[in-house]
Amino acid sequence: MRRKDKEIVSVDKKLEIIEKNKVCRVALSQNNFPYIVPLNYGYSFEDNKLTLYFHSATEGKKMDIIKENNNACFEIDCDCKLIENEKPCSYGYEFKSIVGFGKIIIMETTEEKINGLNMLMKHQTGKETQYHFSEEILKKVIVYKLEVEEFTGKQKT
């Protein structure tokens with residue numbers, strides 16, 4: 001990171017940003033062109049390893065790209081506020097953000113899919129409930145996780 005004075009070093013502070021937000025932007029690449037999509041997510045942080053969980057329809061552009069190239073980047077931001085100034089080019093923004101990289105893994109077994117969906121529901125609702133998902137629902141969705149290899153935090157306040 002170029003601006004070390006803006007870096008969020010504390011893992012706990014980075015996890016606060018992840019916990020606070022409900023939408024993550026996931027960037028993929030196909031034929032050297034980027035593709036970015038906002039997604040609701042769930043997450044776990046165990047043994048110093050961050051994992052993000054998502055679900056989607058079983059087909060579409062996003063899934064086609066993931067099956068071809070599972071490398072991904074993600075971004076989460078919050079606390080955005082305009083900083084005004086007398087000079088137009090001196091305006092700025094307060095923010096906190098997380099950016100990371102990793103690999104997307106499609107969850108294959110029913111147990112993996114249920115776990116991923118429960119992680120997503122836990123984060124989105126704030127409830128510790130273990131949800132029941134019918135076979136019909138499990139057949140209609142793909143559940144996948146982003147195994148994060150590296151993530152950084154940045155803020156301007």
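For the reader, a short list of remarks on this structure follows.
- With θ taken as phi - 60° and the Karplus curve 6.51 cos²θ - 1.76 cosθ + 1.60 applied, the whole-hertz 3J(HN,Hα) list for segment 70-83 is 8, 6, 8, 10, 9, 9, 9, 9, 7, 6, 7, 8, 5, 10 Hz, x standing for glycine and proline.
- Extension gain (nm, one decimal) between residue 132 and residue 5, 0.36 nm per residue minus Cα-Cα: 41.1 nm
- Pairwise alpha-carbon distances in the chain exceed 19 Å for 58% of all pairs.
- The Cα atoms of segment 1-77 cover 39, 27, 22 Å along the three principal axes, with the biggest extent listed first.
- Counting only DSSP H runs of at least 4 residues, each contributing -39500 (n - 2.57), and dividing by the residue count of the chain, the helix-based mean residue ellipticity at 222 nm comes to -7500 deg cm²/dmol.
- Stretchable slack from residue 78 to residue 29, in nm (0.36 nm times residue separation minus alpha-carbon distance): 15.2 nm
- Distance violations [Cα-Cα > 23 Å] among 13/87; 61/140; 87/154; 61/81: 13/87; 87/154; 61/81
- Which of 5, 47, 64 has the fewest Cβ neighbours within 10 Å, and the rest in rising order: 47, 5, 64
Only the coordinates and a few stated rules stand behind these numbers; no lab work does. Source: prediction; values computed, not measured. Note that each Cβ is placed from the backbone with ideal geometry, even for glycine, and that neighbours are counted across all protein chains shown.
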